[in-house]
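First the structure, in the form of structure tokens, and then the observations on it.
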Amino acid sequence: MKKLVVIVLAFGLISPAIAQDREICIGQTIGGDCINTIFTAVPFLRINPDARSGGMGDVGIGLSPDANSMHFNASKLAFSDQDLSIAANYTPWLRNLGLNDVYLAYLTGYKKLDEFQTIGLGLRYFSLGSIQYTGLQGEPRGTGRPNELEFAAAYARKLSDQFAVGITGKFIYSNLASGRKWMAISSIRGLPVLRISLLPISRN
């Protein structure tokens with residue numbers, strides 16, 4: 001057993017060093033420069049919608065439970081003190097760059113069913129504003145208003161005074177290309193996601 005732990009730890013330490021040794025270039029190379037764009041799906045899900053935890057360095061998992069806990073870990077809802085809570089957040093995005101139509105809106109809430117069970121709902125909408133599409137040579141290809149949407153429903157259950165489990169189902173809609181299809185990239189029309197989370201709580 002000890003050998004297995006040593007092998008797993010060694011592999012975990014060596015792998016990042018090997019991965020960082022070479023540059024991975026996604027997309028086209030123009031004039032020797034590597035153009036790296038975000039190639040993960042729906043990165044808007046990683047944007048913290050809560051001003052309270054965002055102002056503390058995105059430490060939402062370490063804060064007391066509130067309606068915004070669904071963003072970090074739904075099992076936190078089981079430890080909430082209030083019976084019902086609703087939160088609405090609006091975050092202007094890149095406002096200092098003169099972009100007035102890019103924003104993230106987040107509406108979430110929970111209801112305690114009893115001492116051990118809690119359900120929660122969340123709705124997240126990310127507007128990327130008005131985008132001017134261009135071709136490979138810079139020719140105009142029209143304009144669009146890309147947006148992304150997430151609907152989440154969660155169930156959390158307290159198993160003990162220091163441990164809870166939660167399950168979250170999400171429906172994600174991404175419309176980045178406004179229905180256009182260029183270079184085999186098109187919009188994600190609807191993607192169901194299921195997430196299970198555990199939360200051990202240490203209380204002194």
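The values are calculated or read from the model by the stated rules, or taken from the named source; none is laboratory data. Note that the structure is a prediction, hence the values are computed from the model and not measured. Because the Cβ atoms are built from the backbone with ideal geometry, glycine has one as well, and the counts that use them run over all protein chains shown.
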Quiz item: Given (1) under 25 Å from Arg157 (Cα atoms); (2) within 14 Å of the chain's Cα centre (by Cα), where does Ser85 come up short, assuming only one miss?
Solution: (2)
Quiz item: Name the residues in segment 74-98 that are buried (at least 18 other Cβ atoms within 10 Å of the Cβ) and under 26 Å from Ser127 (Cβ atoms), would you?
Solution: Ala74, Ser85, Ala87, Asn89
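Within segment 54-68, work out how many residues are exposed (fewer than 12 other Cβ atoms within 10 Å of the Cβ) and hydrophobic (A, V, I, L, M, F, W, C).
Number satisfying all stated conditions: 0.
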Exercise. Having 1 or more residues that are out of contact with any helix residue (DSSP H, G or I) (no Cβ under 7 Å at 6 or more places or on another chain), at negative phi and charged (D, E, K, R) is the bar; report the strands (runs of 3 or more DSSP E) wholly within segment 105-181 that clear it.
Key: 117-128, 140-144, 163-175
Quiz item: Quick one: how many residues across segment 125-152 are in contact (Cβ under 8 Å) with a residue 60 or more places away in the chain and surrounded by fewer than 15 Cβ atoms within 10 Å (Cβ to Cβ)?
Solution: 0
Exercise. Being within 30 Å of Ile61 (Cα to Cα) and at pLDDT 85 or above narrows it down to one of Leu198, Leu123, so name that one.
Key: Leu123
Exercise. Give the residue that is modelled with the lowest pLDDT, with candidates limited to residues of segment 182-192 that are in a strand (DSSP E or B) and exposed (fewer than 14 other Cβ atoms within 10 Å of the Cβ).
Key: Ile185
Quiz prompt | Pairs, first more than 14 Å from Asn68 (Cα to Cα) in segment 40-55, second hydroxyl-bearing (Ser, Thr, Tyr), C-beta under 7 Å, six or more apart | solution = Val42/Ser174
Quiz item: Tell me, which residue of segment 99-124 that is farther than 15 Å from Met70 by Cα and crowded, with 16+ Cβ neighbours inside 10 Å is farthest from the chain's Cα centre (by Cα)?
Solution: Val102
Exercise. Pairs only if they're at least six apart or on different chains, beta carbon under 9 angstrom, first in segment 153-175 and more than 22 Å from Phe79 (Cβ to Cβ), second of a type in the set (D, E, K, R) and outside any strand (DSSP E or B); list them, first residue then second.
Key: Asn175/Arg145
